[in-house]
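Laboratory data are not the source of any read-out in this text; all were calculated from the coordinates shown. Every value quoted in this text rests on a predicted model; they were computed, and no experiment measured them. Cβ placement follows ideal geometry from the backbone for every residue including glycine, while neighbour counts extend to all protein chains displayed.
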Amino acid sequence: MKYSKRAELFRQVKADYIDFLASVLWKLTGDRELFTEAMQYSLLGMWQNVEKLNGPKAGAYIYRIALTANSAAWRNRIGRDGQIARSQIGIANGPDEKVSRSELVAKVRQAVAQLPARQSKAIVMRYFEQQSYEAVAEKLNCSEAGARSHVSKAVATLKSKLAILTEWEE
Amino acid sequence: MSKESIEDILKNIGSEDVPAEVRKIAQETSRDFSETLMRPRQHILLGYIMKSKITKLAAAAVIVIVAALTVRHLNLTKPTYGITDMPELIKKAKTIHMKGWVYFPNGQDGREPAKLEFEYWFDVENGRYRLYKPGGIDKDTGEPRYYTTISDGRYVMGETYHRPVKGKPWKSISFTKLSPFKARLEAYKNSYVFLMRMFGNIDQIEGSAKVGREKFEGTVFDIWENEFYFSDGRGTKIKTWVDPDSGDVERILFWQKRQKADPNWRLVIDVHTIELNVVTPPGIFKTEPPEGYKLDNTKETALLSGLGISPEKVMRQDYELHVHIGFTLKDGSVIIGWSCPDKNRSSQADLFENLNSGGNMPELACKIEGLTAIPRKLGISYTGHHLAYTHKDRIFYEWSLYVPDNQPPQRSMLFAYEVNLEFDVDKSRFGTWPRNISEDLVIDSRYDFDTWVLGAMAELSDNGKAPEQVTYGDVLQLAK
């Protein structure tokens, strides 16, 4: 595809999806710096894959791009070696330490960014976008039961990762 | 602590509205990106990311390979890159990222070499770098030893291994303070000079041949191969995958052998990632000691490592002779910055009066009057002449030009320069003096000269300026 055509397509896709992208990324990041970084990654991903965004599956592709961008932004923040993801997330050093709600929400977001791709997508669509399981299943190209399974596994993974907060878990 | 479930937290996140200021950020980011796309070629996306306000704050820079893929899509001018373009592309790179494997010999019993990872990041312009590299196999544990050295442009944080305690080796952290010039110099030496030692010099690179093409992830790379030998018979073979459209290097394989007649090449280094002008990950150059490490010193107590002599230095004997830096010019002549402080003399100013470029050196207690190329069998000697002087913190620095009596081979064919000293006082009164100079920089162009030679002179001047009469053209003319 010629550059001029790519640029035109990119401009169009951007106009159509910028609000959607901003909404998803904000819910994923909840932080201006991370948001900007993820936005940069997303735009880059959209530009590099602009040919794929010229069709009915554009929305699903942009979802994927946004989630990848979010993971990359979080990865940058917590280090490439994923130290924090290695075991329990170190919100508190011991069960007695209290964690503020905003920190907790940030840690949940961080944990979402570290979920396997399909689980991450399922969680974002189901909870952040508040879509029905039917819609999640359609976008994930699986059955409704499959979508429920992805969401349920994702929640279980999050619980396990955040299990150190026993008080909060009860 | 609330009793909220994870599901509740996720739902609450989902019901949050996007604040107006965040929408504004989205619009601005989007507009910046579009503007960047309209710019002509050459790393447009890097420019875009660097423009980001947040990135400028260094709070959230992103790692983005300035994708050759993307640049190629732009379908603008299309120069073709070959192996001979590599030195210039690397030299001019503002940031460099290299990752790969080093193969260490693993004992004497014919075992396979140990394949150990390394990763280097350089922000050459700002003298920042992060080196993660193996130091071989620990004899006590049989495990590889890895060292991380980080420079933030001001401090270098290094690791030291210690003998095992209860069967486990441990590391401590120490800091060194760098002058800005020294920081840039170290980054340059660890990046460009390191790579050029692999590639060989310009002449050797020009001897490379294109031996094939190979496709990686949709991009076709030219494969360049080169083989060259040093005067002692050591051989080097290097294979480089270059994208002719973008100049991107996909991979470098580097072999060595001890003698030309030896049929066995030993794979020494495999660089599988080389990225130029990428945005460096945030925080990668932070010199914060990891938790649990013993600190040998702190930033506050770190010693300054500049080019010159620290004003706090206490001389134990009457004299010292120091070589501060050396340069080999493209005509084979050599510039050395050196000093000979005298403990009993309040000033050496009178010794540096009335000196002329190309004339005699100052009458110091010891002079580096000449050099001899090593290996000596080449039979090349260099005669020294005064070029200029600078002074900083009461120390006078002599800059001498050494002119060879025969056309020397390329610098990469020499191991070092042996210094020929002329003592005017008894040697026993000297605390220290150098024997060889091996870590000189090769100066191929006016750009190199202005950056490094004049930069070094400025570094060793109280006024931060190099002597006005020293220019690249004049020095080459003088050497003739």
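When peptides A:27-39, B:153-165, B:449-461 are ranked by their average number of other Cβ atoms within 10 Å per residue, the highest-first order is A:27-39, B:449-461, B:153-165. FRET efficiency for the B:Phe216 to B:Arg31 pair, using the beta carbon distance and R₀ = 51 Å, is estimated at 0.90.
Rg and Dmax over the alpha-carbon atoms of chain B stand at 26.1, 85 Å.
Amide H contacts under 5 Å for B:Trp101: B:Phe118, B:Asp270, B:Val271, B:His272, restricted to partners 5 or more places along the chain or on a different chain, H placed in the peptide plane at 1.01 Å from N. Across peptide B:21-34, the average count of Cβ atoms from other chains found within 10 Å of a residue's Cβ is 6. In summary, the lysines within cross-link reach of B:Lys11, defined as a Cα separation below 18 angstrom excluding same-chain residues under 8 places away, comprise A:Lys27, A:Lys107, A:Lys121, A:Lys153, A:Lys159, B:Lys3. The HN-Hα couplings worked out from phi for the range B:326-339 by the Karplus form 6.51 cos²θ - 1.76 cosθ + 1.60 (θ = phi - 60°) are x, 9, 10, 7, 5, 8, x, 6, 10, 10, 10, x, 9, 8 Hz, whole numbers, x standing for Gly and Pro. Spin-label pair B:Arg435-B:Asn360: with each label point 7 Å from Cα along the Cα-Cβ axis, the two points sit 3.1 nm from one another. Approximating the spin labels as points 7 Å out from Cα along Cα→Cβ, the B:Lys260-to-B:Glu21 distance works out to 7.0 nm.
Against the compact-protein benchmark of 2.2 N^0.38 Å, the Cα-based radius of gyration of the range B:215-316 scales to 1.73. Per-residue extension of 0.36 nm, minus the Cα-Cα distance of B:Glu300 and B:Lys286, leaves a gain of 3.5 nm for this segment. Modelled label positions at B:Glu422 and B:His272, each set 7 Å beyond Cα in the direction of Cβ, lie 5.7 nm from each other. Note that the range B:374-440, at 37 °C in a medium of 0.692 mPa s, gets a Stokes-Einstein diffusion coefficient of 231 µm²/s from its Kirkwood radius over C-alpha pairs. At a Förster radius of 22 Å, what calculated FRET efficiency corresponds to the Cβ-Cβ distance of A:Cys142 and A:Asn49, to the nearest 0.05? Taking R0 as 22 Å, the efficiency between A:Cys142 and A:Asn49 is 0.50. Among the chymotrypsin sites (Phe, Trp or Tyr not before Pro) in the range B:286-384, those located in a DSSP loop and surrounded by at most 16 other Cβ atoms within 10 Å of their own Cβ are B:Tyr293.
Among residues other than B:Arg234 with Cβ under 9 Å from its Cβ, the summed charge is +2 (Lys and Arg +1, Asp and Glu -1). When Rg and Dmax are taken over the Cα atoms of the range B:253-395, they come to 22.7, 61 Å.
Taking a Cβ cut-off of under 15 Å around B:Ala456, the surrounding Lys, Arg, Asp and Glu residues balance to a net charge of -3, with basic ones at +1 and acidic ones at -1. Listed from fewest to most Cβ neighbours within 10 Å, the set B:Trp399, B:Trp241 follows the order B:Trp241, B:Trp399.
Dividing the summed -39500 (n - 2.57) terms of all DSSP H runs of n ≥ 4 by the residue count of chain B sets its mean residue ellipticity at 222 nm at -5000 deg cm²/dmol. Amide H to amide H distances under 5 Å link B:Cys366 with B:Asp424, where only residues 5 or more positions off or on other chains count and H is placed in the peptide plane. Scanning residues 5 or more positions from B:Lys330 or on other chains, those with amide H under 5 Å from its amide H are B:Ile443, with H placed 1.01 Å from N in the peptide plane. Among the GluC sites (Glu not before Pro) within the range B:330-373, which fall in a DSSP loop and have no more than 13 other Cβ atoms within 10 Å of their own Cβ? Passing sites in the range B:330-373 are B:Glu353, B:Glu363.
Neighbour counting of Cβ atoms within 10 Å sorts the residues B:Ser310, B:Ser30, B:Ser174, fewest neighbours leading, into B:Ser310, B:Ser174, B:Ser30. When the label point is put 7 Å from the Cα of B:Asn463 along its Cα-to-beta-carbon vector, which residues of the range B:360-396 have a backbone N closer than 20 Å? Of the residues in the range B:360-396, B:387-396 have backbone N under 20 Å from the label point off B:Asn463. Label zone (A:Phe20, point 7 Å along Cα-to-C-beta; backbone nitrogen cut-off 17 Å) within the range A:50-76: A:50-70.
Can you spot the lysines whose alpha carbon is less than 21 Å from B:Lys92's alpha carbon? Ignore those fewer than 8 places along the same chain. Hits, sequence-local ones excluded: B:Lys51, B:Lys78, B:Lys182, B:Lys189, B:Lys330. In this Cβ point-charge picture (+1 for Lys and Arg, -1 for Asp and Glu), chain B has a dipole of about 780 debye about its Cα centre. Would you work out which of B:Thr383, B:Trp433, B:Leu454 lies farthest towards the positive end of the dipole of chain B? Charges go on Cβ: Lys and Arg +1, Asp and Glu -1. Toward the positive end, the furthest listed residue is B:Trp433. With a Förster radius of 60 Å applied to the C-beta separation of B:Thr80 and B:Asp350, the computed FRET efficiency comes to 0.50. In this Cβ point-charge picture (+1 for Lys and Arg, -1 for Asp and Glu), the range B:393-465 has a dipole of about 80 debye about its Cα centre. In order along the range B:435-445, phi translates into HN-Hα couplings of 9, 9, 10, 10, 9, 6, 9, 8, 10, 9, 8 Hz, rounded to whole numbers, per the Karplus curve 6.51 cos²θ - 1.76 cosθ + 1.60 with θ = phi - 60° and x for Gly and Pro. In summary, the aspartates and glutamates within cross-link reach of B:Lys177, defined as a Cα separation below 12 angstrom excluding same-chain residues under 8 places away, comprise B:Asp152, B:Glu300.
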